[in-house]
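Written below as structure tokens is the structure these notes are about.
Computed from the coordinates by the stated procedures, all read-outs in this text should not be read as laboratory data. If you're wondering where the values come from, they're calculated on a predicted model, not measured in any experiment. Positions of Cβ are backbone-derived with ideal geometry, glycine not excepted, and every protein chain shown enters the neighbour counts.
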Amino acid sequence: MDKILMIANATTTDSTPTPGPTLADVETPKVSLGFDIPSLDIVLTFILRFFFIIAGLAALIYLLLGALAWITSGGNKENVDKAQQKIQAAVVGLIIIFAVLAIVALLENILGLGLGITQPIKFPKLIEPKG
């Protein structure tokens, strides 16, 4: 009985494969996000510049807090000394931030490197596109 079913099944089904869509035939729809996805060098340049902006703002806020502490010290020697230390630390921080920015900008201009301060970060290319 099994042989009869196998023969009947083999004669009724088509054994040739039917061609279906291949990967080359399938078109993926183009989706517009409304913005371009930035590359890694642009993201790192933004992060580096954002860090220096936040550091500068933090130093200025600390300077203002030191000035406010000095004004509200009421002539107390200990409070005046603490306020002076805050102001001194903020000024030293600002000097360090500006010195680092100046040194990196100078290196970028002299060596032509892109380190993220005056020009975007540049990564070396392993494969150059043919143009």
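Counting just the residues of region 98-113 that are closer than 20 Å to P124 by Cα and hydrophobic (A, V, I, L, M, F, W, C), which one comes out surrounded by the most Cβ atoms within 10 Å (Cβ to Cβ)? Step by step, filter region 98-113, then rank; the result is V104.
Listed here are the residues, each with its yes/no results for (1) within 25 Å of L48 (Cα to Cα); (2) in contact (Cβ under 8 Å) with a residue 12 or more places away in the chain; (3) not aromatic (F, W, Y).
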site	(1), (2), (3)
A59	yes, yes, yes
L63	yes, yes, yes
G66	no, yes, yes
W70	no, yes, no
G74	no, no, yes
V80	no, no, yes
K86	no, yes, yes
I95	yes, no, yes
